[in-house]
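Below: one structure, written as C-alpha cells.
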C-alpha cells in the first residue's frame, strides 16, 4: 500500500493520535436523538437510556469512555448500564450532546460513510452474539454484548491513521483473508489496534482482550464467541466466510454441525428486543392489577376475577400508580409494557 509523501513515520504518528480518543467516530443522528429522548423522559430510567446507546458503537464508546475517565480509582466499567448509572442523567446528556453525528442522506465524509457500514455490521454481530448467549447459556453476556458492538473499533484508528486504508477495506474476502491483508500492508491488524485503543481509554482489560483476540485461532472462549458472531454476521449479509473455519470455531464452543445450521437459519428471523429492564417496583398483586387493566377490565371485573372487592382493587391500582409515578390507566399500562414488567 502506498504511503503519503510524509511516509510511514507520519502514519505512525497519526495512529498514536488516534489511540488517544474515539471522537473521530460519529454516531447516527437518529440513535443520538433516541438516546436524548429517553434521557428526558419521566420517570428517568438508566435501563431505558442504555438501550438506544447500545444501538450505536459511537454512542457506546463515548459513554463508556467518559465513565471510565470519571471512575476515580474504582474498577473499570465495561457495560453501558453501569456507565449510565455512574455518569448520571446530566453527565450522560452532556456526553451524548457533544458527539458528532451523521445522517443517512448526508454521508459526505469518508468517516461518516464508513461509520454507517461499521454500525450495521456491529449491530448484526451484536445480535448474533446475544443469540449465541442463549444457545450456549453463557455467562458474562453483558460484556460480550458490548464487545460485539466494538469488536472492529480498531478499524477506526487505522482509517484515521493510514492513507488508503479505506481502499483496503473495500477488497472482498473472508475475515481471515482481510486480516492478513492488514498485517501485510500496514503491519498491524484492526483487532490488535482495537485492544490497544480500549486499554488506553481505560476500558476493562477483559473487554479489551475480547476485542484484541477475536480473530485469534487459540483465543479463549469469550473471544471465540465474538469471532463466531462476527462470522455469522458476515454470512447473514452475504459476505464471504470460510465455512470450515466457521465450523471449527463452533466446534470449539460446543456447537455441533446440526445445531450450527439451526442457529444460522434462525438469524434472519431474530427480533431486536430491549435488553435492559429496570427492577420491577410493583408487588405481585400490583403487577396482576396492571396486567388486568391492560386487558381493558374494570375494577369490578378485576375484583370478580381475583376475589377482591372493587374498592380493594382500586386501592391496589392507585398504589401501583404511585410506584410508577403515573396518573392513570393508560400511562401505567404503557410504562409497564415498555419496561417489560407485565
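Side notes on the structure shown:
- Every residue from segment 59-79 that is within 13 Å of residue 99 (Cβ to Cβ) and over 10 Å from the mean Cα position of the chain (by Cα): 62, 63, 64, 65, 66
- Residue in segment 141-154 that is in the same structural domain as residue 249 (by TED's automatic domain parsing) and over 22 Å from residue 56 (Cβ atoms) present: no
- Of all the criteria given as (1) surrounded by fewer than 21 Cβ atoms within 10 Å (Cβ to Cβ); (2) over 19 Å from residue 48 (Cβ atoms); (3) modelled with pLDDT of 95 or more, the one not satisfied by residue 106 is (3).
- In the set (1) within 15 Å of residue 95 (Cβ to Cβ); (2) modelled with pLDDT of 90 or more, the condition left unmet by residue 25 is number (2).
- The listed residue being more than 30 Å from residue 186 (Cα to Cα), modelled with pLDDT of 70 or more and in contact with a strand residue (DSSP E or B) (Cβ under 9 Å, 6 or more places away or on another chain), out of 47, 31: 31
- Which listed residue is at pLDDT 90 or above, outside the structural domain of residue 141 (by TED's automatic domain parsing) and in contact with a helix residue (DSSP H, G or I) (Cβ under 9 Å, 6 or more places away or on another chain), from 290, 333, 306: 290
- Scope segment 228-242; condition part of a helix (DSSP H, G or I) and free of Cβ contacts under 8 Å to residues at least 40 places away in the same chain; matching residues: 235
Results for (1) under 19 Å from the mean Cα position of the chain (by Cα); (2) free of Cβ contacts under 8 Å to residues at least 24 places away in the same chain; (3) surrounded by 14 or more Cβ atoms within 10 Å (Cβ to Cβ); (4) under 26 Å from residue 50 (Cβ atoms), shown as yes or no for each residue.
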| site | (1), (2), (3), (4) |
| --- | --- |
| 187 | no, yes, no, no |
| 208 | yes, yes, yes, yes |
| 253 | no, no, yes, no |
| 261 | no, yes, no, no |
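- Evaluated against (1) modelled with pLDDT under 85; (2) assigned to a helix (DSSP H, G or I), residue 276 falls short on exactly one condition, (2).
- Residue list for segment 279-315, filter: in a loop (DSSP other than H, G, I, E, B) and within 13 Å of residue 329 (Cβ to Cβ): 295, 296, 297, 298
The values are calculated or read from the model by the stated rules, or taken from the named source; none is laboratory data. Model, not experiment: these values are computed from the prediction. Here Cβ is always computed from backbone atoms with ideal geometry, including for glycine, and neighbour counts include all displayed protein chains.
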